[in-house]
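Participant: Before anything else, here's the structure in question.
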Amino acid sequence: QVQLVESGGGLVQPGGSLRLSCTTSGFIFSRSGMSWYRQSPGKERELVAFISSFSRSTNYADSVKGRFTISRDNAKNTVYLEMNSLKPEDTGVYYCGTVISRQYWGQGTQVTVSS
């Protein structure tokens, strides 16, 4: 079955960096677009970044452009989110996701940006 497992979250000070990973199984990863979403306290889940199959294209939310970078390693069935210059408003649970006949999510990883 499809499985998505996020890791790499934690507590970081404003201006710091984190690298999230999402390891996948159960589907043909290289042919699937992958996304990172986040859900901040009191807000709906929002799209943060997307990367197409074979890394042909990427898209970012305006709020993270220039600070976050999404990438993938098709040999490892893993998608990454490099987050730099983190702000308190980046705090939330980060999920990776993909659509294969329906939307699949991982369990999420908590990112807290606070001094």
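The values are calculated or read from the model by the stated rules, or taken from the named source; none is laboratory data. Remember, it's a predicted structure, so these values are computed and weren't measured experimentally. All Cβ positions, even for glycine, are placed from backbone atoms using ideal geometry, and neighbour counts span all protein chains on display. Ligands, DNA and RNA are stripped out before the accessible areas are found, and what is left, the full protein with its side chains, is counted by its heavy atoms. Shrake-Rupley method; radii C 1.70, N 1.55, O 1.52, S 1.80 Å.
Participant: Counting residues that are among the small types (Gly, Ala, Ser) and surrounded by fewer than 18 Cβ atoms within 10 Å (Cβ to Cβ), which strands (runs of 3 or more DSSP E) fully inside region 20-115 reach at least 1?
Facilitator: Once the strands (runs of 3 or more DSSP E) in region 20-115 are filtered for at least 1 residues that are among the small types (Gly, Ala, Ser) and surrounded by fewer than 18 Cβ atoms within 10 Å (Cβ to Cβ), what remains is 68-73.
Participant: Can you name every residue in region 69-107 that is more than 15 Å from Val2 (Cα to Cα), under 11 Å from the mean Cα position of the chain (by Cα) and among the small types (Gly, Ala, Ser)?
Facilitator: Ser71
Participant: Okay, moving on. Show the residue pairs that are 6+ apart or on different chains and have beta-carbon atoms under 8 Å apart, the first residue being within region 96-115 and within 19 Å of Arg31 (Cβ to Cβ), the second being charged (D, E, K, R).
Facilitator: Cys96/Glu6; Gly106/Glu6
Participant: Now, a different point. When the residues of region 1-17 are filtered to those that are assigned to a strand (DSSP E or B) and either open to solvent by 30 Å² or more (accessible area, probe 1.4 Å) or among the hydroxyl-bearing types (Ser, Thr, Tyr) (or both), which remaining residue is nearest to Val113 (Cα to Cα)?
Facilitator: Leu11
Participant: Any residue in region 37-58 that is more than 17 Å from Gln110 (Cα to Cα) sitting within a Cβ distance under 9 Å of a residue that is assigned to a helix (DSSP H, G or I) and among the polar types (S, T, N, Q)? List the pairs, counting only those 6 or more apart or interchain.
Facilitator: Ser53/Ser30; Phe54/Ser30
Participant: If you don't mind, another one. Note down all Cβ pairs under 9 Å where the first residue falls in region 3-23 and is in contact (Cβ under 8 Å) with a residue 40 or more places away in the chain, the second is open to solvent by 20 Å² or more (accessible area, probe 1.4 Å) and among the acidic types (Asp, Glu), and they're at least six residues apart or on different chains.
Facilitator: Ser17/Glu82; Leu18/Glu82; Arg19/Glu82; Leu20/Glu82
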